[in-house]
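Please read the structure below before turning to the comments.
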Amino acid sequence: MTFCSASRCYAQVFCILIISTTYIFLFASCASPVVNLTDAKQAVNNYYTSGAYAKELGAVLNNARKDFEKLKLDSTSVIIFDVDETTLDNFDQIKKYDFGFDMSAWEDWIQAAAAPPIMLQQQKI
């Protein structure tokens, strides 16, 4: 059985510690921080109710309008939207359930067809 000298063993342990520590810091710093769920809900609510959402939406809609104005459309042209959160505002329903999900309640909401259109509710374009 071979034993290493004390100084050689310390050097090996030191190298292992340096490599391990470097590895931990490199990969730990790449990970996204864990966000508290209550804080995340509040951030979403603040974004929506502060007007920041409406402002960003307005910019997106204005850019879309400019893009549509560039299209060569005739009387047979159609534009098709997937009717969901792309065009409907479900925020109040989502907030009602504290940003959770209840399949039965969601299906009832869909059947009620009560979601207001985003463009008409938020921005006049």
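Which residues' amide hydrogens lie under 5 Å from the amide hydrogen of Leu88, considering only partners 5 or more residues apart or on another chain, with H built in the peptide plane?
Ile118
Can you tell me which lysines have their Cα less than 18 Å from the Cα of Lys41? Leave out same-chain residues fewer than eight positions away.
Qualifying lysines at Cα under 18 Å: Lys95, Lys96.
What ranking of Ile110, Ile80, Ile118, Ile94 comes out by heavy-atom accessible area, probe 1.4 Å, highest first?
So the residues, ranked largest to smallest area, are Ile80, Ile110, Ile94, Ile118.
Suppose the chain between Phe81 and Glu107 were pulled fully straight at 0.36 nm per residue; how much longer would it get relative to their current alpha carbon spacing? Mind showing how you got there, number by number?
Numbers: separation 26, 0.36 × 26 = 9.36 nm, distance 2.04 nm.
Result: 7.3 nm gained on full extension.
Can you compute 3J(HN,Hα) from phi for each residue in the range 61-72, using the Karplus curve 6.51 cos²θ - 1.76 cosθ + 1.60 with θ = phi - 60°, rounded to whole Hz and x for Gly and Pro?
5, 5, 5, 5, 4, 4, 5, 5, 5, 7, 6, 9
Can you sort Phe91, Phe101, Phe81 by 1.4 Å-probe accessible area, starting with the largest? Mind dumping the intermediate values first?
Working: Phe91 25, Phe101 135, Phe81 100 Å².
Ranking Phe91, Phe101, Phe81 by accessible area, largest first, yields Phe101, Phe81, Phe91.
In Å, what Rg and Dmax follow from the Cα atoms of the range 48-96?
Computed over the Cα atoms of the range 48-96, radius of gyration and Dmax are 14.4, 43 Å.
The values are calculated or read from the model by the stated rules, or taken from the named source; none is laboratory data. These figures come from a predicted structure and were not determined experimentally. In case anyone asks, the SASA skips ligands and DNA or RNA and just uses the protein heavy atoms, side chains included. Shrake-Rupley method; radii C 1.70, N 1.55, O 1.52, S 1.80 Å.
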